[in-house]
Amino acid sequence: MNVHDILRNPDEHARCAAYLDRLGHVADPDEVALVSRVLTDPDQTMARAAVLRHLDRRAAGLYAGPAYEEWAQAMTEATIDHPFLVQRLREWSLLRAVTLKLPWQPDDLLASSNWLQLKTAAGTNTVAIEVLAEAGRTKRIRNAARAGLDHRGGT
């Protein structure tokens, strides 16, 4: 099934599943074009959800390696008209910096979404976890960070 056939299906759930399947099997050189094409679907909520799932899946596999930066830049360009998707890519880049102990700013982490703060609280960067234990956005985040610190301390 090609993307044009997917668009003809009136059921947004079926289109979303078909998009996710296509995105999950797309060759690297064709990924930007496919993401851009999915984002032309008339049901923008569904299209953004499908692309978000794809970005999360791909970023999870790439963020710790050298291919991430080029991929993230290409995906940012492909999603530039969709602020939430661009923000998610920024947060994956911040998670990468925190995880790999690259330069990052505590204020950027504290201004990030609950999604990123929870992922970071479950991570291995003690400095970031301490920042979240003290000033994470929600009680859940602060508690998760404190639990992570307690676990690391052996208590």
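The values are calculated or read from the model by the stated rules, or taken from the named source; none is laboratory data. Keep in mind the model is a prediction, meaning the values are calculated, not measured. Neighbour counts run over all protein chains shown; Cβ positions are idealised from the backbone, glycine included. Heavy atoms of the whole protein, side chains included, go into the accessibility calculation; ligands, DNA and RNA do not. Shrake-Rupley method; radii C 1.70, N 1.55, O 1.52, S 1.80 Å.
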With respect to Lys139, determine if the residue is without any contact (Cβ under 8 Å) to a residue 40 or more places away in the chain, open to solvent by 70 Å² or more (accessible area, probe 1.4 Å) and within 26 Å of Gly65 (Cβ to Cβ). no
Filter the stretch 43-93 down to the residues that are closer than 19 Å to Thr124 by Cα and either open to solvent by 30 Å² or more (accessible area, probe 1.4 Å) or without any contact (Cβ under 8 Å) to a residue 24 or more places away in the chain (or both) and list them by number. Ala60, Gly61, Leu62, Tyr63, Ala64, Gly65, Ser93
Scan Asp81, Asp56, Asp41 and give me the residue that is assigned to a loop (DSSP other than H, G, I, E, B) and in contact with a helix residue (DSSP H, G or I) (Cβ under 9 Å, 6 or more places away or on another chain). Asp41
Any residue at all in the stretch 97-109 that is free of Cβ contacts under 8 Å to residues at least 24 places away in the same chain, open to solvent by less than 20 Å² (accessible area, probe 1.4 Å) and farther than 30 Å from Asp21 by Cβ? yes
